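All remarks here apply to the structure that follows.
Just so it is clear, none of the values below were taken in a lab; they were calculated from the coordinates. These numbers come from a predicted model, not from an experiment. Ideal geometry is used to build each Cβ from the backbone, glycine not excepted, and the neighbour counts take in all protein chains shown.
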Amino acid sequence: MQEEASLAIRSSKEIVLLSPTGTGKTLAFLLPLLSELDPTSKEVQVLILVPSRELAIQIWQVIREMGTGFKSNAVYGGRPVSQDRRDLKHLPAILVGTPGRVADHLRRGTFEGSDVQTLVLDEFDKSLEVGFEKEMIEILEELKFLEKKILTSATYGVQIPSFVRIKKPVTIDYLEEKSTQLQVKLILSPSKDKLETLGRALKHLGNQPGIVFCNFKDSIQRISDYLFDIGIEHGCFYGGLEQRDREEALVMFRNGTHQLLLATDLAARGIDVPEIKFILHYHLPQRKEEFIHRNGRTARMNADGTAYVLKWANETMPDFIKTKEIEELQEADVPPRPNWSTIRITGGRRDKISKGDIVGLCFKVGGLEKDQLGVIELKQDYAFIGVKEEAAEDLRQKIDRQRLKKTKIKAFII
């Protein structure tokens, strides 16, 4: 897929790239685009539009980790515009952003749309929905001299609107390359209120990473209260949370502080959470596309995984859910608490702090053993440290108010 996409992107002006979640679409469009960038230009050359903040952050991190030599930035709602202004004082070659924030910067004149040569609409089936239509029309009207348009998705359930001005795209379609590793099974609930059955199911599934998908954020709060009552640790992720809370929920899920995430369909796309063993549909998805995207969180690449559909006996199944295989629940105890904690420190990339600096601080000042240090995630203005629970408070006290580079950091257990 990546080889075919690279060839098409180098030789064509309009490309539609369709491939399942987790198959490497981001690299598929980035690699050929990087080879076409002009290193002498001081303007935005590539604009990547995405439907969620998390996807913007993820793509930006991929670009940074590639070590391209080209400046890149991500802009999205939920973070101060003043921070954007600092980051965009010197314009990046590649700008990643959500439609609302990108449209705002075009209005402010932060960068000139007429300089952008390539537009990427990642997860275009979502970013071209009605909710984004006003901003998308506004942005596309500003991009007067586009030379290339690339649309990517893991599903193809939307008509491309006329305002995108796509005429005869080269379509690369790998959606029929179905993963044999994904199993879909039913879990039957004897009552319409599926809460108690969910608790039994999570005990049955045991201590392995998974996501429970709900259709409504109000339901997440109710489920969360119930799971805490019965002793099942978890995090929550949905659109109504502050950006920092969303970010922390994903960090704690990735580093093992939480093995379980309760989420709306916001988590069905563009979040970086590898090695998920299962997803569970607490509410039946309303559309086939969301069913596919939710399921795409597990059984990625060469890993196996299971999608469980929690169904009340009298509930009508959508046509797109075909399975009849039933998972028989075994009585089990509450899974043991994960033995990882997360420490948040002030200071990040903007302060020239590296992961190596943090590792050195944890070992030399914090006195950690090698097996007590987990995943470190570095952000612009802060960082997260995964650490074994029994060592967390001692480490926090030892590194709090220590200096990293020229920054006196503060440390908090979250």
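Summary of computed values
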{"quantity": "Computed label-point distance, nm, for sites Leu175 and Ile137 using a 7 Å Cα→Cβ extension", "calculated": "2.6 nm"}
{"quantity": "Histogram of C-alpha separations across the stretch 340-413, 10 Å bin width, %", "calculated": "22, 62, 15, 0"}
{"quantity": "Rounded, prolate or oblate (a/c below 1.5 giving rounded, otherwise prolate when a/b exceeds b/c) for the stretch 182-312 by Cα gyration tensor", "calculated": "rounded"}
{"quantity": "Relative contact order, percent, the chain [alpha-carbon distance under 8 Å, six or more residues apart]", "calculated": "15 percent"}
{"quantity": "Nitroxide proxy distance, nm - points 7 Å out along Cα→Cβ at Gln208 and Glu315", "calculated": "2.1 nm"}
{"quantity": "MRE, 222 nm, helices only [DSSP H, n ≥ 4, -39500 (n - 2.57), over the chain, to nearest 500]", "calculated": "-8500 deg cm²/dmol"}
{"quantity": "Arg222/Arg85 FRET efficiency (R0 45 Å; Cβ-Cβ; nearest 0.05)", "calculated": "0.65"}
{"quantity": "Cα gyration tensor shape for the stretch 1-148, rounded if a/c is under 1.5, else prolate or oblate", "calculated": "rounded"}
{"quantity": "Estimated FRET transfer efficiency (Lys168, Leu34; beta-carbon r; R0 25 Å; 0.05)", "calculated": "0.45"}
{"quantity": "Sequence ranges 315-324, 374-383, ranked by mean other-Cβ count within 10 angstrom, highest first", "calculated": "374-383, 315-324"}
{"quantity": "Positive-pole candidate from Leu260, Gln208, His293, dipole of the stretch 204-297, charges at beta carbon", "calculated": "His293"}
{"quantity": "Hz values of 3J(HN,Hα) by residue in the stretch 206-212 - Karplus curve (6.51, -1.76, 1.60), Gly and Pro given as x", "calculated": "x, 8, 9, x, x, 10, 9"}
{"quantity": "Relative contact order (percent, whole number), the stretch 125-222, Cα cutoff 8 Å, 6+ residue spacing", "calculated": "22 percent"}
{"quantity": "By average C-beta atoms within 10 angstrom, highest first, the peptides 341-347, 39-45, 110-116", "calculated": "341-347, 110-116, 39-45"}
{"quantity": "Beta bridge orientation in the chain: antiparallel %, DSSP, nearest 5", "calculated": "25 percent"}
{"quantity": "Above-threshold pairs, the threshold being 18 Å between Cα atoms, out of Lys185/Lys288; Lys126/Lys277; Lys13/Lys167; Lys89/Lys406; Lys194/Lys217; Lys126/Lys322", "calculated": "Lys126/Lys277; Lys89/Lys406; Lys126/Lys322"}
{"quantity": "Long-range HN-HN contacts of Tyr382 with modeled amide H, under 5 Å", "calculated": "Gly347, Gly348, Arg349"}
{"quantity": "Karplus 3J(HN,Hα) series, Hz, for the stretch 109-122 with 6.51 cos²θ - 1.76 cosθ + 1.60 (x for Gly, Pro)", "calculated": "x, 4, 9, 9, x, 5, 8, 6, 9, 10, 10, 10, 9, 7"}
{"quantity": "Cα-based convex hull, the stretch 83-239, per residue volume (Å³, whole number)", "calculated": "200 Å³"}
